[in-house]
Amino acid sequence: MINYDYSAIEKKWQKIWDDNDTFAAKNDYSLPKFYGLVEFPYPSGQGLHVGHPRSYTAIDIVCRKKRLQGYNVLYPMGWDAFGLPTENFAIKNHIHPSIVTENNIANFKRQLKSLGFSFDWNREVNTTDPSYYKWTQWIFLQLFKKGLAYKSQMAVNWCTSCKCVLANEEVVNGVCERCGSEVVQKEKSQWMLKITDYAEKLLDGLEDVDFIERVKTQQRNWIGRSYGTQVTFSTNIGDTFEIFTTRADTLFGATYMVMSPEHPLLEKWADKIENYDEVLAYKVEAAKKSDFERTELSKDKSGVKLSGVTAINPVNNTEIPIFISDYVLISYGTGAIMAVPAHDTRDWDFAKKFGLPIIEVVKGGEDVQKAAYTDCNDGVLVNSDFLNGLSVEDAKKKIQEWLCEKGLGFVKTNYKLRDWVFSRQRYWGEPIPMVYCEKCGYVPLDESELPLMLPNVDSYEPTDNGESPLAKITDWVNTTCPHCHGPAKRETDTMPQWAGSSWYFLRYCDPHNDKELASKEALEYWSPIDWYNGGMEHTTLHLLYSRFWHKFLYDIGVVPTAEPYAKRTSHGMILGENGEKMSKSRGNVVNPDEIIDNYGADTMRVYEMFIGDFEKAAPWSQSSIKGSKRFLDKVWGLFDIISDGEGYRKELETEFHRTIKKVTEDIEGLKMNTAIAALMSLYNTIQATGKITRDEFKTFIILLNPFAPHITEELWTMAGFDGMLNETKWPTYDEAKCIDATVEIVVQINGKIRARLNVDANISAPDAIALAKSEEAIVAEISGKNIVKELYVPKKLVNIVVK
RNA sequence: GCGAGUGUGCUGGAAUAGGCAGACAGGCACGUUUGAGGGGCGUGUGUCCAUGACGUACGAGUUCAAGUCUCGUCACUCGCACCA
């Protein structure tokens with residue numbers, strides 16, 4: 001028996017695949033295609049950890065199977081290489097970020113190749129390559145031309161450690177998503193992308209795609225559509241203001257109003273508000289609090305009542321007080337609300353604290369003086385004049401009609417989604433191709449000027465004054481206006497990391513094109529991505545952003561499909577052995593290099609797929625991996641028991657057909673663990689017979705090939721089969737042959753098992769029951785008893801109910 | 001607080017148009033192989049008062065039959081979090 005030298009075998013096949021471009025996608029657009037995609041990594045200095053390959057292996061398996069099934073497969077890989085860690089490392093070690101990136105990529109690439117993924121390396125992309133970011137900048141210019149990129153002075157999230165602005169999506173629990181430092185609000189002029197214009201399309205598009213439900217739900221929540229009414233309230237000083245409500249039916253229960261402390265009308269009313277000092281003081285206090293603190297303190301409501309200015313409820317002309325309170329957000333709706341304490345917990349809390357009246361307008365709950373009755377869709381309107389007696393639903397319609405008629409309101413849809421803050425005050429990102437001219441304002445660079453290269457500098461430390469490091473390079477900053485040719489300055493902020501990753505999957509279709517981001521033909525052929533797997537953490541970041549860009553590109557005729565991804569799945573994390581998230585600080589990181597050295601890439605792949613439910617987090621186990629190695633050792637041993645004989649042996653035929661079916665279907669359903677289990681079972685059956693026919697061996701190693709590509713190629717060659725395994729056909733199964741001729745059924749008396757029988761699989765119900773009743777053990781059970789019911793579940797059981 | 005999901009041996013996990021719970025692995029125990037190793041092979045491994053009974057977080061229910069369906073409780077995970 002030849003030794004299973006996984007190291008030599010894996011290196012050998014990786015070289016053969018490399019030398020022959022075995023897995024290069026073909027440019028023959030007449031073939032059926034399959035585009036499988038995994039999120040391209042950020043090439044960090046730490047290198048790959050064992051979490052990365054879980055996703056890559058799963059889709060690699062799908063792609064390898066699809067190739068054997070005759071598809072022209074595109075399975076590409078690239079580098080999302082702009083970003084802060086590289087820049088920080090570069091600053092610390094005085095190495096240029098581009099060199100750091102190059103080194104990291106080389107290491108990542110070596111690691112990925114050592115795992116035997118069937119990536120098409122000819123299509124590798126790198127977001128920091130000017131020939132790539134030329135098109136990132138080009139897309140930005142298109143967004144600008146369509147009015148979807150604009151500059152705005154506003155309060156933004158500022159990470160105190162990165163010294164950089166963050167998008168709302170990048171702030172998690174009030175801290176920076178990347179570094180965990182405190183995020184404060186800072187007034188700054190920023191480039192913004194109008195993702196809100198696409199809120200509707202981003203929501204509706206979810207109906208047409210095959211994304212796992214969690215992803216859809218999360219995106220829906222993030223976009224946060226709500227249907228309601230915008231209502232105009234007048235005031236005692238003549239001015240009017242608007243509020244948004246989803247519960248216009250409760251208008252008669254509005255006993256006070258609340259404005260956000262940042263509401264612009266407050267300034268306008270400065271001389272009318274008698275306690276304006278107090279208002280200003282409150283505003284300053286609110287501004288000091290971070291988002292996190294505002295949330296934390298949510299239970300304890302605070303606020304200031306405006307004196308001198310009151311509101312008038314349009315439905316009954318009642319004069320009601322106006323408060324300012326930080327529980328109303330300036331960024332949502334109109335920044336002002338009507339408060340209905342009887343039917344909203346927040347308003348109720350506030351009303352209790354400030355001693356405001358609570359008027360019940362929907363009957364059906366408990367005493368509204370004791371708690372707000374919010375879940376009141378079944379209630380009936382009371383204390384509401386012309387709405388009395390109506391259901392909530394009818395009352396909403398009626399009041400909306402009434403408001404519309406009087407010109408006091410209109411139906412409105414609101415979204416939680418906000419525009420995307422697109423500027424970053426850092427060096428290592430795509431320069432924004434805009435020029436500021438005193439005369440012409442912001443002027444886009446001409447497309448012929450692209451790419452606008454990131455200038456080489458000696459110092460790229462972030463600054464405390466909120467300016468990009470690029471601002472210091474005066475000879476780069478100072479330029480001429482593309483419009484009037486007068487003196488002008490370049491935009492010095494760069495794009496966020498999410499820019500390059502928002503369209504990379506398009507570039508893979510035609511990565512070397514220097515005329516367009518990708519040719520029409522290539523995009524027509526490869527779009528949409530058939531299967532995209534990635535992390536849940538990107539659901540409201542990369543996944544949402546890239547859908548937005550794609551929809552925009554679709555609208556301007558650049559891409560052929562409205563949605564980029566036909567199918568989206570998500571993998572669970574690989575945790576450390578102690579069940580905690582792998583991290584350097586916890587000291588529980590497992591390096592794939594080490595696993596490959598000790599067990600081989602095939603074992604690593606099989607283990608990561610066998611570890612458990614693909615969608616769930618799973619702890620790494622150093623001892624469990626041995627099981628996968630043992631399995632491959634045993635498979636290797638099959639070579640020694642290959643014997644003569646054609647086809648599948650009679651006694652194994654059913655199991656072979658069933659296993660082919662199971663593995664084929666499980667791969668499509670990402671149930672890699674049960675596919676491997678089925679192969680292990682099949683092995684156990686074969687092993688018990690002491691031999692394997694050539695045809696059986698062939699089928700077995702083809703089925704195992706997507707999981708363990710190196711060992712199976714080697715065995716294929718050793719067995720002398722034609723060509724290479726990756727050029728063969730995926731085995732097929734016959735549904736009819738998946739069923740045994742005879743099956744064991746159980747016989748139950750009152751649901752308790754009392755006997756087992758071997759019967760013909762197609763036995764009729766009466767025959768099965770008769771047979772069961774003739775069984776010795778059953779006769780004893782039923783004699784002298786009254787049979788109430790008899791039933792036969794085909795291929796499963798007979799149950800006799802007696803009294 | 002809201003939303004989504006999960007709960008099965010010592011461990012990872014199988015089993016859903018309701019039909020033999022614990023597949024397949026890991027671990028452990030015992031045996032074996034006189035190549036002492038992170039080796040191979042074999043056997044066993046849910047619980048108990050053991051010809052049988054009980055058992056899928058807990059408590060009820062529907063059913064001939066429930067891990068699977070219904071109601072309630074508890075625990076955990078993830079997401080959102082004053083979104084009017």
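A short reminder: the numbers here are calculations on the coordinates, not readings from a lab. These figures come from a predicted structure and were not determined experimentally. Cβ coordinates were reconstructed from backbone atoms using ideal geometry, including for glycine residues, and neighbour counts include every protein chain displayed.
Quick notes on this one:
- Applying both filters, DSSP loop and at most 11 other Cβ atoms within 10 Å, to the GluC sites (Glu not before Pro) of segment A:423-459 gives A:E438.
- Mean Kyte hydropathy of -0.5 or more with a Cα span along the axis of at least 24 Å, helices from DSSP in chain A: A:672-689
- For A:F34, the residues whose modelled amide H falls within less than 5 Å of its own, excluding neighbours fewer than 5 places apart on the same chain, are A:N72, A:V73, A:L74.
- Each peptide among A:31-43, A:458-470, A:252-264 gets the average number of other Cβ atoms lying within 10 Å of its residues, and from highest to lowest they stand as A:252-264, A:31-43, A:458-470.
- R0 of 30 Å, Cβ-Cβ distance A:R214-A:E665: FRET efficiency to nearest 0.05: 0.85
- Rh (Kirkwood; distinct C-alpha pairs) - segment A:132-191, Å: 12.8 Å
- Unit charges at the beta carbon, dipole of segment A:618-675: most positive-side option, A:N673, A:L638, A:S623: A:S623
- Under the Debye formula (equal points on every Cα, no solvent term), log10 I(q)/I(0) of chain A at q = 0.06 Å⁻¹: -0.55
- Averaging Cα coordinates gives a centre for segment A:332-351 and one for segment A:694-744; these two points are 66 Å apart.
- Maximal additional length on extending the A:D695-A:A677 stretch stands at 4.4 nm, based on 0.36 nm per residue less the C-alpha distance.
- Interchain or long-range residues, amide H under 5 Å from A:V362's placed H: A:V382
- Directionally averaged projected area (convex hull, Cα atoms, segment A:345-462), nm²: 16.1 nm²
- Computed FRET value (nearest 0.05) for A:K795 with A:K729, which takes r as the C-beta separation and R₀ as 41 Å: 0.85
- Ranking A:S131, A:I99, A:W158 by how far each Cα lies toward the positive end of the dipole of segment A:88-198 (charges on Cβ) leaves A:S131 at the top.
- Globularity ratio of segment A:150-295, using Cα Rg and 2.2 N^0.38 Å: 1.32
- Kirkwood hydrodynamic radius (C-alpha pairs) into Stokes-Einstein, segment A:1-118, 4 °C and 1.567 mPa s, D in µm²/s: 80 µm²/s
- Of the residues A:S546, A:S152, the one with the fewest other Cβ atoms within 10 Å heads the list, and the complete ranking is A:S152, A:S546.
- Between the C-alpha center of segment A:591-628 and that of segment A:359-398 there is a gap of 58 Å.
- Per-residue packing, averaged as other Cβ atoms within 10 Å, sorts the ranges A:559-572, A:749-762, A:53-66 into the order A:53-66, A:559-572, A:749-762, beginning with the highest.
- This model, with +1 at the C-beta of Lys and Arg and -1 at the C-beta of Asp and Glu, gives chain A a dipole about its Cα centre of some 940 debye.
- Tensor-based shape of segment A:316-355 (alpha-carbon gyration tensor, a/c under 1.5 rounded, otherwise prolate or oblate): oblate
- Inter-probe distance in nm under a simple model that places probes 7 Å from Cα toward Cβ, at A:K520 and A:V746: 6.5 nm
- Packing-based ranking of A:235-246, A:190-201 yields A:190-201, A:235-246, ordered from highest to lowest mean Cβ neighbour count within 10 Å.
- Projecting the Cα atoms of A:A8, A:F82, A:L68 onto the charge dipole of segment A:1-87 (Cβ charges, centred on the Cα centre) puts A:L68 farthest toward the positive pole.
- Per-residue ellipticity at 222 nm computed for chain A from its helices equals -10500 deg cm²/dmol, with DSSP H segments shorter than 4 residues left out and the rest contributing -39,500 (n - 2.57).
- Take every pair of alpha-carbon atoms less than 8 Å apart whose residues are at least six positions apart; their mean separation over the length of chain A yields a relative contact order of 14 percent.
- Measuring between their Cα centroids, segment A:468-485 and segment A:753-785 lie 91 Å from each other.
- Charge dipole magnitude, Cβ of K and R +1, D and E -1 - segment A:71-200, Cα centre, debye nearest 20: 300 debye
- Rg(Cα) / (2.2 N^0.38 Å) computed for segment A:672-803, rounded to two decimals: 1.59
- Modelled label positions at A:S189 and A:T413, each set 7 Å beyond Cα in the direction of Cβ, lie 3.5 nm from each other.
- About its Cα centre, segment A:5-155 has a charge dipole of approximately 380 debye under the convention of +1 per Lys or Arg Cβ and -1 per Asp or Glu Cβ, with nothing else charged.
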